Amino acid sequence: MTKAKGLLIVFEGTDGTGKSTQLNLLAQVLEKKGIDVVSSFEPTNGVYGQKIRALYSNRKETSREDELELFLADRKEHVENLIAPALASGKVVLLDRYYLSTIAYQGAAGLDPADILARNTFAPEPDLALLFHAPIETGVTRITENRGDTLNDFEKEDYLRKVQIQFEEMDLPCIKRIDANRSIEKIHQDVLRLVFTLPGMK
Ligand code: TMP
């Protein structure tokens, strides 16, 4: 495959919908085909990402505006250091969360979704945003039982219902919706179909 510019594919949706599993499965397929893949995630492990993680156990400490600023600062660093250079060198970049998450999560927290989108214009637009949808209860069960984890402040059930409504109301040209309430293999086949119909992929 030859491409002048890389491709940006992002995995989005509420927590516990299997995004990370599907990202890894796609990365393996692309790598086997000899495609240069870079996988990453947000929040990152950079300085701002670490500050965001510190909020997980006590979100009340910060205002919603300051919280948004942290997600934006983390993304700016991510774009400059990893995303933009990888795309410029023709790589396929796979991201576990990106600015659709900011619109949905910070939108659900009371900020204006249109304003959040407008403040993300520095971030390259995805060629494809795979938006995973599953009942909130299923996601919460996956987090608490399978991952053996407790819910952090971003994962509380009532909040996630509001986040899901934000995702449902989003209407961006890059979005393809995926029913994530099915087997890993069936979802994987959908992901492959959507990725391999992108211009520039074969
Ligand atoms: P994760 O690392 O398990 O995906 O968790 C990240 C959490 O941060 C997740 O609950 C969603 C939330 N989040 C936001 O609220 N805004 C954002 O912009 C991003 C990228 C994540």
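The values are calculated or read from the model by the stated rules, or taken from the named source; none is laboratory data. All values reported here derive from a predicted model rather than from experimental measurement. Using ideal geometry, Cβ is built from the backbone for each residue, glycine included, and neighbour counts are taken over all protein chains shown. Keep in mind that these areas ignore ligands, DNA and RNA; they rest on the heavy atoms of the full protein, side chains included. Shrake-Rupley method; radii C 1.70, N 1.55, O 1.52, S 1.80 Å.
For this structure, a couple of remarks:
- Taken along the Cα-to-beta-carbon direction at a fixed 7 Å, the label points for residue 20 and residue 114 span 3.6 nm.
- Under 5 Å between amide hydrogens, built in the peptide plane, is the criterion, and for residue 10 it picks out 95, 128, 129, 130 among residues at least 5 positions away or on other chains.
- Equivalent ellipsoid semi-axes - Cα gyration tensor, the chain, angstrom: 26, 21, 15
- GNM result for the chain, Cα springs below 10 Å: residue of 45, 181, 146 fluctuating most strongly: 146
- Applying 1/(1 + (r/R0)^6) with r as the Cβ-Cβ distance of residue 65 and residue 28 and R0 = 30 angstrom yields a FRET efficiency of 0.15.
- Estimated FRET transfer efficiency (residue 196, residue 161; beta-carbon r; R0 30 Å; 0.05): 0.35
- Note that the range 39-44 has calculated 3J(HN,Hα) couplings of 10, 8, 8, 10, x, 7 Hz, one per residue in order, obtained from phi through the Karplus relation 6.51 cos²θ - 1.76 cosθ + 1.60 (θ = phi - 60°); glycine and proline are x.
- Candidates 106, 28, 164, ranked by Gaussian network fluctuation over the chain, Cα under 10 Å, top entry: 28
- Positive-end residue, the chain charge dipole about Cα centroid, Cβ charges, pick of 138, 11, 56: 11
- With all protein chains in place and a 1.4 Å probe, the accessible surface of the chain carries 51 percent carbon and sulfur.
- Cross-linked pairs 5/32; 76/162; 51/176; 51/162; 51/76; 32/91: Cα-Cα separations exceed 22 Å for 76/162; 51/176; 51/162.
- Mean accessible surface per residue for the chain, computed with a 1.4 Å probe while every protein chain stays in place, in Å²: 48
- Calculated mean residue ellipticity, 222 nm, the chain: -13500 deg cm²/dmol, from DSSP H runs (n ≥ 4) at -39500 (n - 2.57) each, averaged per residue and rounded to 500.
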